[in-house]
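Reading through the structure tokens given below for one structure.
The values are calculated or read from the model by the stated rules, or taken from the named source; none is laboratory data. None of these values were measured; they are calculated from a predicted model. Backbone-built Cβ (ideal geometry, glycine too); neighbour counts: all protein chains shown. Accessible surface areas use protein heavy atoms only, side chains included; no ligands, DNA or RNA. Shrake-Rupley method; radii C 1.70, N 1.55, O 1.52, S 1.80 Å.
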Amino acid sequence: MKELIADLFISLDGFASGTDEPAYFGYFGQDLGNWVREHLNERQVILMGRVTYEALAGFAGSATDEVSTRMRTLPKLVYSNTLCEPLAWENTRLIKGEVGDSIRALKQEEGDPVRCIGSIRLVKSLARLGLIDRLRLMIFPLILGETGKEPIYADYPRMPLELVGTKVLDSRLILLEYRSAAPATQ
């Protein structure tokens with residue numbers, strides 16, 4: 001069975017973005033860049049929702065930097081009931097229907113792990129359904145407070161987690177990696 005990994009980049013107070021915040025909340029550094037490249041070089045299938053797909057495909061679909069080039073070569077799945085095929089970004093397939101049924105079926109297939117990047121609403125749905133095997137949180141050292149947008153944990157279910165790894169990047173970012181302490185739903 002495929003493992004499903006959810007990666008979220010968040011502020012210290014749990015927001016995915018903020019008003020007028022730059023990419024990576026303005027904290028991009030060498031260690032973070034290396035982490036992004038290393039994890040893109042692993043065997044995987046990228047899973048994302050419509051909003052993340054539209055944002056990434058808008059620049060990574062034609063950009064020539066190393067990360068964008070690798071993203072184009074990776075198999076990508078977009079969960080959306082509003083998009084229609086064909087999708088513009090190469091190596092991208094559309095998944096429609098009820099999210100639980102679609103992702104359960106995907107996890108039963110043989111092959112590379114599935115990695116959900118960003119896609120706040122999709123990750124929340126997957127968490128509610130108990131389908132996340134590993135959760136990786138990249139925590140950025142700022143509190144967005146009233147300028148924060150997209151609160152990560154709003155409306156999440158109770159999720160028992162087991163810490164399996166930590167790492168400090170660029171002397172300021174903290175990566176926390178958790179495994180579900182409850183059995184994942186098949």
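Tabulated data
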{"quantity": "Lysine pair number, Cα distance threshold 15 Å (strictly under), the chain, separation 8 or more or different chains", "calculated": "4"}
{"quantity": "Ordering of 126-138, 39-51, 149-161 by burial proxy (mean other Cβ atoms within 10 Å per residue, highest first)", "calculated": "126-138, 39-51, 149-161"}
{"quantity": "Net lengthening on full extension, Arg37/Thr73 (0.36 nm per residue, minus Cα-Cα)", "calculated": "11.6 nm"}
{"quantity": "Per-residue [θ]222 nm for the chain (sum of -39500 (n - 2.57) over DSSP H runs n ≥ 4, rounded to 500)", "calculated": "-7500 deg cm²/dmol"}
{"quantity": "[x] -0.57, -1.34; [y] -0.58, -1.58; [z] -0.60, -1.76, with the label sought being that of the calculated log10 I(q)/I(0) by the Debye sum over Cα atoms at q = 0.12, 0.19 Å⁻¹", "calculated": "[y]"}
{"quantity": "Linear extension gain, Tyr153 paired with Phe59, 0.36 nm per residue minus alpha-carbon span", "calculated": "31.1 nm"}
{"quantity": "Per residue solvent-accessible surface (Å²) - the chain, probe of 1.4 Å", "calculated": "51"}
